Amino acid sequence: MSLFKAVAVLGAISGAMAQAQGQIPCTDAFRSKELNGVAPAFSDQTPGATAAFLQQLPLAPDATLTLYINGAPGIEVAPDAALVRDFALGVRQVFYYVYPTSDPPTTNYANGTSHTELEIELGALHDIALPVDIHAGMNFNYDTSNCLINSLQGFLTIPSEVDGQPVSVAQITDDLLAAGYAGSLS
């Protein structure tokens, strides 16, 4: 191997390691790329696709996930990165399809927050006989010095009726939480 090739390979390895360790500039483009992958990853029916996406998310070890449902106080459902991934994989099991509702799909703020608006169609695993869509505003709060996600916030709106038929918000909330707590990437 020539010296030039060796330097190029070392440079590529060093760049990949720096990105993996959160040592690259935390650009809007990088943050948007992460968030723009949420909807496709949570809609993909390919076995393992959502898990692979969750594994590559740059979560700080102590990253948290808090859900705010229909304006109620937040529920911290995952107090660290491993449980954030597990919970996300679990709730994915009750999702049929997820799509962004804003254009562009991601809005980045100077304070490190990246925001996306999503519509989530629940699948057949929920206890409600009607098709129910949930709206989710998601904040991914990055530490811009290392580009790791310190916290995620989900602001969920669950309808109380669909086509004039009442929907049990409590039952859907319970289904989501139960599915999330049952999730595991290990």
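Any read-out appearing in this document is the output of simple, stated calculations on the displayed coordinates, not a laboratory observation. Computed from a predicted structure; not experimentally measured. Cβ coordinates were reconstructed from backbone atoms using ideal geometry, including for glycine residues, and neighbour counts include every protein chain displayed.
Exactly one condition in (1) over 24 Å from residue 37 (Cβ atoms); (2) out of contact with any strand residue (DSSP E or B) (no Cβ under 8 Å at 6 or more places or on another chain) is not met by residue 158; state its number.
(2)
Quick one: in region 44-67, of everything that is hydroxyl-bearing (Ser, Thr, Tyr) and within 12 Å of the chain's Cα centre (by Cα), which residue is nearest to residue 90 (Cα to Cα)?
At the first step, the residues of region 44-67 found to be hydroxyl-bearing (Ser, Thr, Tyr) are 46, 50, 64, 66.
Add one more test, that the residue is within 12 Å of the chain's Cα centre (by Cα), and what stays is 50, 64, 66.
Numbers: 50: 10, 64: 16, 66: 15 Å.
In this case the residue turns out to be 50.
Whether any residue in region 91-98 is within 12 Å of the chain's Cα centre (by Cα) and among the charged types (D, E, K, R) is what I want to check. Can you show your working first?
Taking region 91-98 and keeping what is within 12 Å of the chain's Cα centre (by Cα), we get 91-92, 98.
Subset that is among the charged types (D, E, K, R): 92.
Looking for residues that are within 12 Å of the chain's Cα centre (by Cα) and among the charged types (D, E, K, R), one finds at least one in region 91-98, hence yes.
With respect to residue 64, determine if the residue is touching a Pro at 6+ places or on another chain (Cβ under 8 Å) and touching a residue at least 24 places away in the same chain (Cβ under 8 Å). Break it down into steps so the answer makes sense when it comes.
Details: touching a Pro at 6+ places or on another chain (Cβ under 8 Å): yes; touching a residue at least 24 places away in the same chain (Cβ under 8 Å): yes.
Taking the combined requirement at face value, the residue satisfies it.
Quick one: residue 109 ticks every box in (1) free of Cβ contacts under 8 Å to residues at least 60 places away in the same chain; (2) more than 18 Å from the chain's Cα centre (by Cα) except a single one, so which number is it?
(2)
Within region 138-172, count every residue that is free of Cβ contacts under 8 Å to residues at least 24 places away in the same chain and either buried (at least 16 other Cβ atoms within 10 Å of the Cβ) or assigned to a loop (DSSP other than H, G, I, E, B) (or both). It would help to see each step written out before you state the result.
Initially, region 138-172 is screened for residues free of Cβ contacts under 8 Å to residues at least 24 places away in the same chain, giving 160-161, 164, 166, 170.
So of that shortlist, the ones also either buried (at least 16 other Cβ atoms within 10 Å of the Cβ) or assigned to a loop (DSSP other than H, G, I, E, B) (or both) come out as 160, 164.
Number of matching residues: 2.
Return the residues of region 145-186 that are farther than 16 Å from residue 84 by Cα and small (Gly, Ala, Ser); say none if nothing qualifies.
Matches in region 145-186: 145, 160, 164, 168, 170.
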